[in-house]
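Let me begin by presenting the structure, written as structure tokens, before commenting on it.
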Amino acid sequence: MQNPVLARLLTLTAAVASLGAWQSAPHQSAQRQPPTLTPHDSALHALNRLAYGPRPGEVDAVAAGGVMNWIDRQLSPDQLDDRLVAERTVKFRILRYDSGDLARLYAAARKERRERQQGGQVEQMGRQLAGEVEQLAVVRAALSRRQLYEVMVDFWANHFNVFFGKGADRVLAPSYIEETLRPRAFGKFADLLIATARSPAMLFYLDNWESVAPGSTPPALTRPRLHARSWFGRGRYEPGFSREPAQADSQRRRALERMPKGINENYARELLELHTLGVDGGYTQQDVVEVARIFTGWSIKRPQQGGGFEFHDWAHDYGEKTVLGVRFSAGHGMDEGVRLLKLLASLPATMHHVSRKLCQRLVNDEPPDGCVDDAVAAWERSSGDMREVVRAIVRGPDFWAPENIRAKVKTPLEFVVSAVRAVGGDPDTTPRLAQVVARLGQPLYRHVAPDGYPEREAAWVNSGALLDRMNVAVALAAGRLPGVTVALDSLALATADAEQLMAAVNDGILGGTMSDNTRRVIREQLAEAPDPVAARALAVGLALGGPEFQRR
Amino acid sequence: MSISRRVFIRSGGLALFSFGLDPLFLARAALASYRPLPPTAALSRPVLVCLFQRGAVDGLNMVVPHGESLYYGERPRIAVPASDVVDLDGHFGLHPQLAALKPLWDNKSLGVIHAVGSPDSTRSHFDAQDYMESGTPGVKSTADGWLNRYCRHDREHEDTPFRAVAFGPQLPRILAGSAPSLAIDDLQAFGLRAPQGAARDRLTRAFEQLYAGSATGLLSSSSQEAFEAVQLLQRANPAQYRPANDAEYPRGRLGRSLQQIAQLIKGNLGLQVAFADVTGWDTHVNQGASEGQLAARLAELGQGLAAFARDLGDKLRDVVVLTMSEFGRTIRENGNIGTDHGHATAMLVMGGPVNGGRVLGRWPGLDPASRFEGRDLAVTTDFRDLFGEVLARHLGATDLSAVFPGFTPNPVRFPGVIRS
């Protein structure tokens, strides 16, 4: 019997040979027809899936240079000059503050509010900084030349979702994106998994920082007056205990009352269900409990003050545990958590679950089995190198199969960013464009549940959101969308010549996919718009808000 | 066609049973196919309005146990004096700023349920709101909200574009899910926006034609819904709306939301479930007593509800308004003349079908021995029993276990807020 992986590799070679930029010798495949994509169409498809849509002229440029060359360069983002984004991001003040700075800033803002200084300076700055986190993601997606890298960062931000609105996560979240996720977006899955497990943002979001072995008590609470420190800032502050003994005792008693009393399973459950094995990954409730025991003591040094990771050995359960039939012998501390994460990262269920989600993002809401198999095979070969997994998906025949072209509906982020890119738009540093994304239903980093934003069209397509998309399209085309300047001239010069406008819009915005119906409707509308500037805005607005542009 | 378990769970066994293994958009399209309601049906369509008091309202100062001396002992600076309370039954009384609701209490269309809350012990706003909206306390991974699950499972009622509407910029968690639901920030701005009416109509027609001719799948069915909604609303003409019976809504977000809900109800647009947020209840500092911070929020709530009832007039007989909040606040006041995160709270139920004029639920008392974790008002009614009763007895829901997975609602435990 034929080796299925080999057969698919052969198919794929045949498939990409026709793209005009593939160096290997072509082979024929009996199983699948090679795609009939022209270099133009394959460039458009790649830009729709591995980037946030083409900027004016980009489809032709990618087609001319060879789409597989472009993909290879995207897979090595460090080699791509990204000066434009670097120059833009230095304007974001949020990148200059660490979690501690942010904590102090927000504390000052709260104080200001308490003292009823409405619209005080500090509070205003706090709000601006919070908005900058979201806007930064939109700006990078719109302007970066490392498009595939930005797509991957967004994928991981959802896979390892943290809701930035939960208490201290407002302070802890910026470093989560910048220091935990971004450096590892194209790395080994195990490294990413360990980094998220240790991140204060995740520890706070899924409550693991409060998970303690039953009966354990921090040393400061059992040894009076030894050292004035508190361990769990459950109120607003952890000022430490008073120097006055009677008051210190009462503070200690209150702190003890508020102490977490046992294990918290939240992180353990989501780690298995969402981050690694998947809901059908074959674990039991007992496994969840054992995993939670392993992570007891993984905590945060004063979350309300933006502190970093801290392992509390007093809170750790040093007993024996068994997870998925694997024994973790007694007497181990933090090391057993790392061992468990490495184990989870290497299990077939994890490879399958995460690969499937990647295929869902890059190929189809209902990913073909073959695509997932390719990704899993690459995962095994490369010990979970995400760059190789993505490479395998993109080189697989399913990625280029006709039934998967334009099969995905854009998320609000993808819609807004691709529209901005299509009109040569340049977003500013105010959070206004991110607010547009939020209004369309996808406030970035503010998905409450740990499953992250879904990759299924049903989550995004509803009547209210569709009308909003049309309004955004019309406003953007007219240059009226706040927070972004558009360069329509790079797309089409203003003219009252309807045929010329439609050709430019079809080519520049719809990649040549304009349907007869769309052509007819736009032509009818243009007949009533004699002014060249208004006519161009109308044609662009209808194209961006119409059904073709909602797909990628 | 492979269908993941998550999708299966989300779309529900019933949906798959009814639609075979059709893609979700077909299910949605079928769910959403709109037929104009016959006038008689429209008249008797029951409506549920949910108001979420985000930030955890102090139930003990909203509905005051003035007959209990411990209440005054624990709150020397923030207790509402018995002389100020609007007495209800000799033991409980409304905060004086809720006085506008007293006539509704007297005519039995306002009820209170006290000591209601979540079985989960969390004191995190985030987690507790999440649980109250997902309807699954303690389970974080539930993808959809209980109001959406109700809409999906209850097929007795026809879907119209305005069946489930949340007032605000984004769809809240409670309405997230696969049943179509709308988030509307402003009824007048719903639809295509253009400087003049003629330009707007032309733009609307253009997009309608674009989608009618070129859209496929879910894009097609949803856009159809969208343009139907625009048309329906245009006929109802929200810009011309004037509240009836000289009802005066308070200024601010709540008043605006309630007025727009009344518009949708009176316009017979098929509204069944409405949702709005009321913020500003997290009173850690300087909460106030008869006057002050909390009093101002309660005044807005009371005036809003009273205006809504007045505006609806006879229509109130089909409507139930339910307030909810993620948890209550500490029995004892804190060092900042406020209250911290507690456990049980009070919820208000208003409307024609309400078994009003009484405080329902078992009152656990403020005695330290009966407190939750020794400090907070104990929960004696699981919020799912309250929500479940309203869904079953008011909206006619038949399958509550699908709406609250992992929970078996039992009519014996229903607090009795709906008149039988």
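The values are calculated or read from the model by the stated rules, or taken from the named source; none is laboratory data. On a predicted model such as this, the values are computed, not experimentally measured, just so you know. With ideal geometry, Cβ positions are generated from the backbone for all residues, glycine too; neighbour counts draw on all protein chains shown.
Here are some notes:
- Being within 24 Å of A:L510 (Cα to Cα) and surrounded by 15 or more Cβ atoms within 10 Å (Cβ to Cβ) holds for only one residue in B:L258, B:L218, and it is B:L218.
- Qualifying residue in the stretch A:148-162 (condition: in a helix (DSSP H, G or I) and more than 22 Å from A:P450 (Cα to Cα)): yes
- Total residues in the stretch A:332-346, condition over 23 Å from the mean Cα position of the chain (by Cα) and either among the β-branched types (V, I, T) or surrounded by fewer than 16 Cβ atoms within 10 Å (Cβ to Cβ) (or both): 4
- Exactly one residue out of B:G90, B:G111 is over 17 Å from B:E300 (Cβ atoms) and not in a loop (DSSP other than H, G, I, E, B): that is B:G111.
- All positions within the stretch A:44-99 that are touching an Asp or Glu at 6+ places or on another chain (Cβ under 8 Å) and in a helix (DSSP H, G or I): A:L47, A:R93, A:I94, A:L95
- Condition check for A:R381: touching a residue at least 40 places away in the same chain (Cβ under 8 Å) and among the basic types (K, R): no
- Qualifying residue in the stretch B:92-102 (condition: closer than 29 Å to A:V162 by Cβ and more than 14 Å from chain A (Cβ to nearest Cβ)): no
- Here is the figure for the stretch A:267-280: residues that are at the interface with another protein chain (Cβ under 7 Å from one of its Cβ atoms), surrounded by fewer than 22 Cβ atoms within 10 Å (Cβ to Cβ) and not hydrophobic (A, V, I, L, M, F, W, C) total 2.
- Per the listing A:I177, A:I194, the residue uniquely assigned to a helix (DSSP H, G or I) and touching a Leu at 6+ places or on another chain (Cβ under 6 Å) is A:I194.
- Unique residue being in contact (Cβ under 8 Å) with a residue 60 or more places away in the chain, crowded, with 19+ Cβ neighbours inside 10 Å, touching a Cys at 6+ places or on another chain (Cβ under 8 Å) and within 27 Å of A:P443 (Cβ to Cβ) when the list is B:A229, B:A166, B:A179: B:A179
- Residue check, A:V505 within 14 Å of A:A422 (Cβ to Cβ), without any contact (Cβ under 8 Å) to a residue 40 or more places away in the chain and buried (at least 24 other Cβ atoms within 10 Å of the Cβ): yes
- Residue selected from the stretch B:319-344 under the condition assigned to a strand (DSSP E or B) and touching a strand residue (DSSP E or B) at 6+ places or on another chain (Cβ under 6 Å), by the criterion nearest to B:Y131 (Cα to Cα): B:M324
- Qualifying residue in the stretch B:186-203 (condition: more than 7 Å from every other protein chain (Cβ to nearest Cβ), modelled with pLDDT of 90 or more and touching a Gly at 6+ places or on another chain (Cβ under 7 Å)): no
- Criterion: among the basic types (K, R), outside any loop (DSSP other than H, G, I, E, B), over 13 Å from B:V49 (Cβ atoms) and free of Cβ contacts under 8 Å to residues at least 60 places away in the same chain - qualifying residue of B:R251, B:R235: B:R235
- Conditions (1) over 14 Å from B:F414 (Cα atoms); (2) touching a Gly at 6+ places or on another chain (Cβ under 6 Å); number of the one not met by B:G365: (2)
- When the residues of the stretch B:282-291 are filtered to those that are touching a residue at least 24 places away in the same chain (Cβ under 8 Å) and surrounded by fewer than 22 Cβ atoms within 10 Å (Cβ to Cβ), the one that is nearest to B:P172 (Cα to Cα) is B:D282.
- Test: residue in the stretch B:292-301 that is within 14 Å of another protein chain (Cβ to nearest Cβ) and assigned to a helix (DSSP H, G or I): yes
- Identification of strands (runs of 3 or more DSSP E) wholly contained in the stretch A:308-361 with 2 or more residues that are under 14 Å from A:I294 (Cα atoms) yields A:321-323, A:326-328.
- Any hit, the stretch B:344-354, residues being buried (at least 24 other Cβ atoms within 10 Å of the Cβ), touching a residue at least 24 places away in the same chain (Cβ under 8 Å) and on the phi > 0 side of the Ramachandran plot: yes
- Residue count, the stretch B:380-414 (criterion: touching a residue at least 60 places away in the same chain (Cβ under 8 Å) and either over 29 Å from B:S370 (Cβ atoms) or not in a loop (DSSP other than H, G, I, E, B) (or both)): 17
- Total residues in the stretch A:390-402 satisfying the condition of being without any contact (Cβ under 8 Å) to a residue 60 or more places away in the chain and farther than 19 Å from A:L47 by Cβ: the figure is 1.
- Checking each residue in the stretch A:153-170 for being in contact with a Phe, Trp or Tyr (Cβ under 6 Å, 6 or more places away or on another chain) and either modelled with pLDDT of 95 or more or among the β-branched types (V, I, T) (or both) picks out A:N158, A:V162.
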